[in-house]
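Encoded as structure tokens, the structure appears first; notes follow it.
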Amino acid sequence: MPDLSYRPRTADIPTDPGVYRFIDGNGQVIYVGKAKNLRQRLSSYFRDFASLHPRTQNMVSTAKQVQWTVVNNEVEALTLEYSWIKEYDPRFNVMYRDDKSYPYLAVTMGEEIPRMHIMRGARRKGTRYFGPYSQVWAIRETMEQLQRVFPMRTCSNGVLRRAQAQGRPCLLAHIGKCAAPCTGQISVEDHRQMAQDVCQFMAGKVGPYLREKRAEMRSAAADLEFEKAAQARDEIAALEKALEQNAVVLDDGTDADVFALVLDELEAAVHVFHVRGGRIRGVRGWVVDRRAGDDASDLMATLLQQVYSEADEGDPTASQRQRAVSVDDVEHTSTRAIPALVMVSHLPTQTEVLTSWLTQRRGAKVRIYQPQRGDKASLLKTVQANAEHSLRLHKSRRSADLTQRSKALEELTDFLGLDNPPLRIECYDVSHTQGTHQVASMVVFEDGAPRKRDYRHFTISPIDGKPADDTAAMNQVLTRRFLRLQEEESQIELKSGQVSGEQSIQRFSYRPSLVVVDGGRPQVEAARRALDAVGANVDVIGLAKRLEEVWLPGEAYPLILPRQSAALYLLQYLRDESHRFAISHHRKKRTAAQTSSFLDGVEGVGPARQKALLKKFGSLKRMRRASVEELATTPGIGPQLAQSLFDQLHDQAAD
């Protein structure tokens with residue numbers, strides 16, 4: 001039992017809302033939390049230590065004191081909590097950090113003569129930011145088009161001062177890309193108004209400029225001022241091209257931030273689209289280490305708290321601006337400002353408190369919700385797909401890192417007590433739908449990286465006419481795999497005098513150093529029995545999904561690897577890859593079975609024609625969308641049979 005002598009007396013803890021800090025023996029803040037009732041929340045940490053989550057146990061046992069601050073309500077607690085998290089950076093709190101420094105289009109409104117340029121890194125006071133953009137070239141293209149209509153300064157302060165001292169503008173002024181405020185060709189006040197126009201345009205208020213320019217073009221054409229009309233036409237084209245950088249995703253012109261969260265047992269990936277005026281104005285993503293016990297709702301709440309605590313940060317005029325302008329203007333301040341709609345893939349914990357907090361910060365009503373249908377739900381799916389891609393990319397980059405791979409194999413050797421690093425690892429997973437269409441997968445990693453050409457699928461045979469359970473299925477797969485291995489190894493030995501090089505060795509002939517099965521103790525024991533039955537002397541372990549425990553045969557308790565260890569990442573990547581491979585094959589079998597079951601009732605469509613139809617169309621859904629002529633192009637399907645098949649497909653759909 002850890003030393004919890006620092007536990008405060010229950011009667012001394014107030015029942016008010018507040019924020020608390022756990023502090024270690026070195027005076028470092030290791031965790032910051034908020035509570036609606038401080039007494040109730042803090043007492044829960046000390047009431048039953050054994051029932052706490054392992055991460056919470058670690059935090060409580062590491063701490064040596066706890067302090068708290070009382071506030072008036074939960075919204076104030078939310079604000080103070082993030083402030084302390086940012087100040088102390090506690091190691092038991094989750095903090096989202098970008099995996100790269102995104103570029104922004106910045107307008108330095110805090111300077112006497114504002115400048116438009118590309119900026120990365122820390123945000124500065126008095127500067128308006130638009131983005132982030134995923135690529136610098138996208139900002140340069142946008143700036144190129146904007147300068148044709150808004151020729152504001154883009155030069156550095158040094159170039160500006162030199163031009164002012166010499167009384168001679170730079171080349172950009174001569175080619176019409178700068179209005180030259182440095183030499184008085186445009187007044188400082190007019191140039192500042194131009195900078196404000198750029199900010200308004202980038203914030204989504206494009207209609208007034210386009211209408212004004214079109215009216216100007218028509219008026220000039222009517223007055224036979226064709227050069228002026230052509231200039232207005234070119235400016236309209238430039239503005240429209242700048243708009244094309246961001247596609248319309250919401251036809252109603254909504255301002256919204258769309259957050260999607262994807263997580264596995266070790267990490268979480270987040271993606272956000274900043275939509276202003278119905279167009280995507282910025283995209284941002286994070287990958288964060290997920291600590292055990294953090295669910296999707298907790299992570300989403302932390303994310304919103306962090307993102308909107310930083311909104312308009314660094315702009316000293318933010319609060320004054322919100323008081324001085326209309327609500328409509330506030331909504332368009334920047335992609336970092338708080339919009340009226342916040343759409344999320346998972347509703348955060350304490351949604352009502354977060355909504356109240358955001359409403360106070362914005363100065364107008366904010367809605368947090370999870371769209372279920374329509375354009376907004378489709379957009380959320382797109383953001384979620386981006387988050388899934390980010391997580392896959394993060395994992396593949398990690399697996400491609402030779403240093404990380406070497407470290408993972410070394411750690412596996414130490415943790416599992418192996419004689420040598422497991423240079424070839426095979427991982428097995430079973431997939432089925434309530435016992436039907438049962439399949440299994442084998443994925444192979446060599447030197448810590450996927451070797452996809454060696455992946456294999458297995459179809460599980462029923463036992464006594466009944467579907468095999470997971471342990472029996474695992475036994476069947478491993479028995480078949482290692483009997484085949486032994487057969488090929490014996491053939492290689494018989495031909496050893498004739499073998500020259502690797503060409504005579506079949507793909508199944510490589511013996512693994514380690515076998516990993518998806519599951520806990522029952523699956524590991526089944527795998528061990530199967531390997532022993534065929535005389536395969538190969539190490540085997542299991543990875544249970546709930547807490548990422550590593551199970552060894554014959555052990556009553558699992559091995560818990562450090563959550564940030566390279567070895568655990570490798571095992572998880574293995575398991576996830578085998579699961580993905582098994583699921584994909586299972587879906588194909590299920591689709592083929594559904595298609596075949598329907599085609600069995602179509603007269604004249606036998607096994608060969610069924611196979612041809614399935615190969616061409618892949619599913620009943622695609623077959624149903626095909627025309628009679630497209631069906632007739634299938635080998636073995638003539639016009640008359642195609643018409644019969646078409647009729648039966650659509651009769652079934654009508655039923």
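The values are calculated or read from the model by the stated rules, or taken from the named source; none is laboratory data. Predicted, not measured: the structure shown is a model, and the values here were computed from it. Reconstructed Cβ throughout: ideal geometry from the backbone, glycine too, with neighbour counts over all protein chains shown. Side chains are part of the model used for accessible areas, which takes the heavy atoms of the whole protein and leaves out ligands, DNA and RNA. Shrake-Rupley method; radii C 1.70, N 1.55, O 1.52, S 1.80 Å.
Modelled label-to-label distance, Ser219 and Arg580, 7 Å Cα→beta-carbon offset: nm?
Going by the 7 Å Cα→Cβ label model, 5.9 nm.
What length, rounded to one decimal in nm, is gained on full extension from Asp454 through to Arg373, with 0.36 nm per residue of separation minus their alpha-carbon distance?
Working: separation 81, 0.36 × 81 = 29.16 nm, distance 4.15 nm.
Here the answer is 25.0 nm.
Given 0.36 nm per residue, what is the gain on full extension from Glu111 to Asn37 after removing their alpha carbon distance, in nm? Could the numbers behind the result be given before it?
On the way: separation 74, 0.36 × 74 = 26.64 nm, distance 4.64 nm.
Full-extension gain reported as 22.0 nm.
Using the heavy atoms of the protein chains alone and a 1.4 angstrom probe, what is the accessible area of the stretch 614-655 per residue in square angstrom? All intermediate terms of the calculation are to be shown ahead of the outcome.
Details: 2700 Å² over 42 residues.
On a per-residue basis, the stretch 614-655 sits at 64 Å².
What size of dipole, in debye to the nearest 20, comes out for the stretch 6-128 about its Cα centre when the only charges are +1 on Lys and Arg C-beta atoms and -1 on Asp and Glu C-beta atoms? Don't skip to the end; give the middle numbers.
Working: 20 positive and 13 negative charges, 41 e Å.
Around 200 debye, computed over the stretch 6-128.
Per the Cauchy relation, a quarter of the hull surface: what is the mean projected area of the convex hull of the alpha carbons in the stretch 21-76, in nm²?
If you wrap the Cα atoms of the stretch 21-76 in a convex hull and average its projections, you get 4.1 nm².
Order these peptides, 19-31, 618-630, by their mean beta-carbon neighbour count within 10 angstrom, highest first. List each step's numbers first, then the result.
Details: 19-31: 17.3, 618-630: 14.4.
Per-residue Cβ counts within 10 Å, averaged per peptide and sorted highest first, yield 19-31, 618-630.
Let me know the charge dipole size of the stretch 345-384 about its Cα centre in debye, to the nearest 20, where only the beta-carbon of Lys, Arg (+1) and Asp, Glu (-1) is charged.
Numbers: 7 positive and 2 negative charges, 25 e Å.
Computed about the Cα centre, the dipole is about 120 debye.
Arg424 to His650: extension gain in nm, 0.36 nm per residue of separation minus the Cα-Cα distance? Can you show the working numbers first?
Values: separation 226, 0.36 × 226 = 81.36 nm, distance 5.06 nm.
Result: 76.3 nm gained on full extension.
Determine, for each peptide in 68-78, 549-559, the mean count of other beta carbons within 10 angstrom over its residues, then list the peptides with the highest first. The partial results should precede the final answer.
Numbers: 68-78: 17.8, 549-559: 14.7.
Output ranking for 68-78, 549-559: 68-78, 549-559.
Between Lys228 and Gln57, what is the label-point separation in nm under the 7 Å Cα-to-beta-carbon projection?
For Gln57 paired with Lys228, the spin-label model returns 8.1 nm.
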